[in-house]
Amino acid sequence: MTERLYYDNAYLTAFDAVVLEVRPNGGLFDVLLDRSAFYPTSGGQPYDTGLLGGAAVTDVNVEDGLVWHTVSAPLTVGERVHGSIDWARRFDHMQQHAGDHMIAGALHRLMGGVTIGLHISDDVSTIDVAMPGGITRLSGEELRRIEQDVNEHIQRDVPIRCWFPEADELAGLPLRKAPTVSEHVRIVAIGDDEMVACGGTHPATAGQIGLVKILSATPARGKMRVAFVAGQRAMEDYRRCHDAAHGASALLSTTPEGLPGSVTALQERLRTAEYELNRLRQEMLLGRIPALLEAAEALPGGIRLVSGFVEADAAALKELVSRLIAGPGVIALMGAKVGSAAVYVFGRSADVEADMGKLLRESAQPLGGKGGGRPDFAQGGGCVEVLEVAVERMKGM
């Protein structure tokens with residue numbers, strides 16, 4: 001088995017080791033060492049990166065207790081090589097992992113939640129929690145309670161201890177949950193009220209986490225998924241929110257605290273303006289009815305065919321067609337363009353013999369559109385060519 005140096009010292013950033021085996025891996029190479037400070041992907045914590053014998057380490061994995069390092073260039077079996085860890089990445093993962101433990105511990109102590117998984121991504125970390133009663137969400141007040149508990153422990157700078165206890169000691173430890181392995185069980189304890197089996201890297205004290213910010217708690221596969229950031233990530237999240245809040249408040253001539261009220265007032269003014277704009281647009285659209293009827297194409301039997309595109313939403317388009325066919329002898333085939341496509345409303349007067357639902361369906365479907373409805377009134381959508389096809393069909397009936 002590879003001697004894992006990070007177990008004894010998570011702050012070790014450089015080491016020397018002997019190359020035991022090298023195997024090709026596509027255009028890269030997998031290297032086995034007798035000892036290593038590189039953390040391999042496990043327990044939801046990503047692998048370390050850095051340099052090994054001058055080659056870039058791009059991945060680290062464990063196979064049967066052996067730590068394999070994927071590197072950018074081949075190394076020589078038997079040679080002694082120098083390894084160096086990307087400390088910024090390592091310490092970020094240490095902060096996230098310790099933050100995970102503290103959130104999980106608080107959820108267990110205060111609410112009885114049992115954490116079943118951790119994932120540390122490049123931006124946000126998440127833990128999946130089985131809550132009593134199948135709860136999958138927490139209120140804002142409950143999240144603040146958990147967050148407050150965690151950050152109070154951080155501010156007290158409680159110690160973080162990692163060790164391999166003997167079997168007798170392990171049996172008597174107040175673990176948050178039972179270990180998933182039976183041998184070489186490593187324990188991580190944060191202060192006096194968080195203790196669990198874990199093989200990850202962690203800071204020496206909680207104070208080095210700096211800050212934990214819970215971002216959300218949402219349902220995920222029947223459990224509750226808690227998203228959070230810790231350490232420098234939490235600081236960057238605060239900076240982004242601070243800059244956004246102050247920028248928005250300056251635009252609205254208010255303070256960050258006054259933003260909710262200002263935005264609510266702005267939304268109400270916008271709704272009023274949109275309502276008035278839509279009312280005026282509909283008035284203008286309906287005001288075109290005499291001109292549309294005047295320009296209608298004459299069909300046999302004294303029927304007037306009104307067709308074309310107008311600027312309108314679906315509701316206004318329906319109202320327009322309804323008004324056009326209110327009188328006798330009218331067929332209205334109207335559309336409104338939406339980007340490269342269009343929505344359609346077809347209608348006919350009560351005294352006209354024609355099936356609008358069938359006309360729209362048979363005109364739209366061959367062109368990839370859809371539509372249908374009653375014989376006197378139909379709606380649908382598709383490409384802009386649908387209207388031309390429908391008009392020609394109508395003329396041929």
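Please tell me if Met102 is among the aliphatic types (A, V, I, L, M), more than 17 Å from Val188 (Cα to Cα), out of contact with any Ser or Thr (no Cβ under 6 Å at 6 or more places or on another chain) and modelled with pLDDT of 95 or more.
In short, no.
Right, Gly83: small (Gly, Ala, Ser) and either more than 20 Å from Thr13 (Cβ to Cβ) or not in a strand (DSSP E or B) (or both) or not? For Gly83, the condition - small (Gly, Ala, Ser) and either more than 20 Å from Thr13 (Cβ to Cβ) or not in a strand (DSSP E or B) (or both) - is not met.
Please verify whether the range 251-264 includes one or more residues that are acidic (Asp, Glu), without any contact (Cβ under 8 Å) to a residue 40 or more places away in the chain and touching a strand residue (DSSP E or B) at 6+ places or on another chain (Cβ under 7 Å).
no
Does Arg361 satisfy the condition of being outside any strand (DSSP E or B), of a type in the set (Lys, Arg) and in contact with a strand residue (DSSP E or B) (Cβ under 7 Å, 6 or more places away or on another chain)? Spell out how you get there, then give the answer.
Details: outside any strand (DSSP E or B): yes; of a type in the set (Lys, Arg): yes; in contact with a strand residue (DSSP E or B) (Cβ under 7 Å, 6 or more places away or on another chain): yes.
Spelling it out, Arg361 is indeed outside any strand (DSSP E or B), of a type in the set (Lys, Arg) and in contact with a strand residue (DSSP E or B) (Cβ under 7 Å, 6 or more places away or on another chain).
Looking only at the range 315-352, which residues are of a type in the set (Lys, Arg) and out of contact with any helix residue (DSSP H, G or I) (no Cβ under 7 Å at 6 or more places or on another chain)? Within the range 315-352, Lys318, Lys337 meet the criteria.
Across the range 57-78, what is the total count of residues that are surrounded by 12 or more Cβ atoms within 10 Å (Cβ to Cβ) and more than 34 Å from the chain's Cα centre (by Cα)? Working first, answer last.
Of the residues in the range 57-78, the ones surrounded by 12 or more Cβ atoms within 10 Å (Cβ to Cβ) are 57-62, 66-75, 77.
Subsequent filtering for residues that are more than 34 Å from the chain's Cα centre (by Cα) retains 66, 73-75, 77.
Of the residues in the range 57-78, 5 are surrounded by 12 or more Cβ atoms within 10 Å (Cβ to Cβ) and more than 34 Å from the chain's Cα centre (by Cα).
Arg281 passes every criterion in (1) under 29 Å from the mean Cα position of the chain (by Cα); (2) touching a residue at least 12 places away in the same chain (Cβ under 8 Å) apart from (1).
Just to verify a result, which residue in the range 148-176, among those that are in contact with a helix residue (DSSP H, G or I) (Cβ under 8 Å, 6 or more places away or on another chain) and within 18 Å of Gly112 (Cα to Cα), is surrounded by the most Cβ atoms within 10 Å (Cβ to Cβ)? Among those residues, the one meeting the criterion is Val150.
Got at least one residue in the range 45-58 being without any contact (Cβ under 8 Å) to a residue 40 or more places away in the chain and farther than 17 Å from Ala17 by Cβ? Yes, that holds for at least one residue. In the range 245-253, is there at least one residue being surrounded by 10 or more Cβ atoms within 10 Å (Cβ to Cβ), modelled with pLDDT of 95 or more and under 30 Å from Val310 (Cβ atoms)? Checking the range 245-253: not a single residue is surrounded by 10 or more Cβ atoms within 10 Å (Cβ to Cβ), modelled with pLDDT of 95 or more and under 30 Å from Val310 (Cβ atoms).
Selection over the range 169-216 of residues that are outside any strand (DSSP E or B), within 32 Å of the chain's Cα centre (by Cα) and among the polar types (S, T, N, Q) gives a count of 3. For Pro328, the requirement of being part of a loop (DSSP other than H, G, I, E, B), open to solvent by 30 Å² or more (accessible area, probe 1.4 Å) and farther than 30 Å from Leu277 by Cβ is met. The set of residues from the range 254-287 being among the polar types (S, T, N, Q) and open to solvent by 90 Å² or more (accessible area, probe 1.4 Å) comprises just one member, Gln267.
The values are calculated or read from the model by the stated rules, or taken from the named source; none is laboratory data. Because the structure is predicted, anything quoted here is derived from the model rather than measured. With ideal geometry, Cβ positions are generated from the backbone for all residues, glycine too; neighbour counts draw on all protein chains shown. Protein only, heavy atoms only, side chains kept; ligands, DNA and RNA dropped before computing areas. Shrake-Rupley method; radii C 1.70, N 1.55, O 1.52, S 1.80 Å.
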